[in-house]
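Undergrad: Input: one structure, supplied below.
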Amino acid sequence: MYKYREQVDLILTDPPYNTGHYFRYNYKWDSDPNDPDLGALVSEDDGSKHTKWMRAMMPRLHMMWKMLKPTGVIAICIDDNELFHLGMMMNEVFGEENRIGIINWQKSYSPKNDSKHVSTAAEYVLVYAKDKSIAKTGLLLREDSTNSKYKNPDNDPEGLWRSSDATVA
């Protein structure tokens with residue numbers, strides 16, 4: 001992967017969510033990345049499951065940081081199991097000042113009744129830039145029909161987000 005050092009504009013990744021069903025931890029990863037052993041399944045009741053997940057993720061985050069162009073952006077999908085830990089690691093690797101945002105993604109259209117406390121109908125996308133001051137991002141144009149669905153208008157006095165008013169350079 002190092003052959004792509006500073007050559008990638010955008011990384012979108014969906015790491016293991018550490019739910020106790022699919023994530024396998026191989027403690028040798030940082031000493032031998034070509035080790036074919038997948039490691040043992042990390043169970044839901046493993047007392048060090050968060051530490052194992054973070055130890056597996058950190059070298060990958062550093063590698064992805066190195067792959068990005070100076071203007072590059074990374075977006076990482078995650079659920080509530082590791083949202084906090086991933087955010088802390090992203091702040092460490094990319095810098096809190098380079099956080100572009102956290103997108104709350106509603107993964108189902110109907111309300112879920114799968115929890116004793118709070119619905120799990122949402123997942124998250126953490127978006128960071130390698131250097132936010134020069135990152136290449138932009139707003140997508142929205143149709144007036146899309147805007148009409150909302151009662152509170154965006155703070156867009158010049159109407160730049162509406163396609164009928166937008167000018168393409």
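Undergrad: Looking only at region 49-61, which residues are open to solvent by 50 Å² or more (accessible area, probe 1.4 Å) and at pLDDT 85 or above? Write out each step before concluding.
TA: Of region 49-61, the ones open to solvent by 50 Å² or more (accessible area, probe 1.4 Å) are 50-52, 54-55, 60.
The one that is open to solvent by 50 Å² or more (accessible area, probe 1.4 Å) and at pLDDT 85 or above: Arg60.
Undergrad: Restricting attention to region 62-106, report how many residues are under 15 Å from Asp9 (Cβ atoms) and either assigned to a strand (DSSP E or B) or open to solvent by 70 Å² or more (accessible area, probe 1.4 Å) (or both). Outline the logic, then answer.
TA: In the first step, residues of region 62-106 are kept if they are under 15 Å from Asp9 (Cβ atoms); the result is 64-75, 100.
Applying the additional criterion that residues be either assigned to a strand (DSSP E or B) or open to solvent by 70 Å² or more (accessible area, probe 1.4 Å) (or both) yields 65, 68-75, 100.
Here the count works out to 10.
Undergrad: Here's another thing I want to ask about it. List every residue pair whose Cβ atoms sit under 7 Å apart, with the two residues 6 or more apart in sequence or on different chains, where the first one lies in region 54-71 and is in contact (Cβ under 8 Å) with a residue 60 or more places away in the chain and the second, anywhere, is part of a strand (DSSP E or B) and not hydroxyl-bearing (Ser, Thr, Tyr).
TA: Qualifying pairs under 7 Å: Met67/Val8; Met67/Ile11; Leu68/Val8; Leu68/Ile11; Leu68/Ile74; Lys69/Val8; Lys69/Asp9.
Undergrad: Right, next: Look at region 95-154 and say how many of its residues are modelled with pLDDT of 90 or more and of a type in the set (Asp, Glu).
TA: Adding up the residues that qualify gives 3.
The values are calculated or read from the model by the stated rules, or taken from the named source; none is laboratory data. Values in this document were obtained by computation on a predicted structure and should not be read as measured data. With ideal geometry, Cβ positions are generated from the backbone for all residues, glycine too; neighbour counts draw on all protein chains shown. When the accessible area is computed, the model is the full protein with side chains, heavy atoms only, and any ligands, DNA or RNA have been set aside. Shrake-Rupley method; radii C 1.70, N 1.55, O 1.52, S 1.80 Å.
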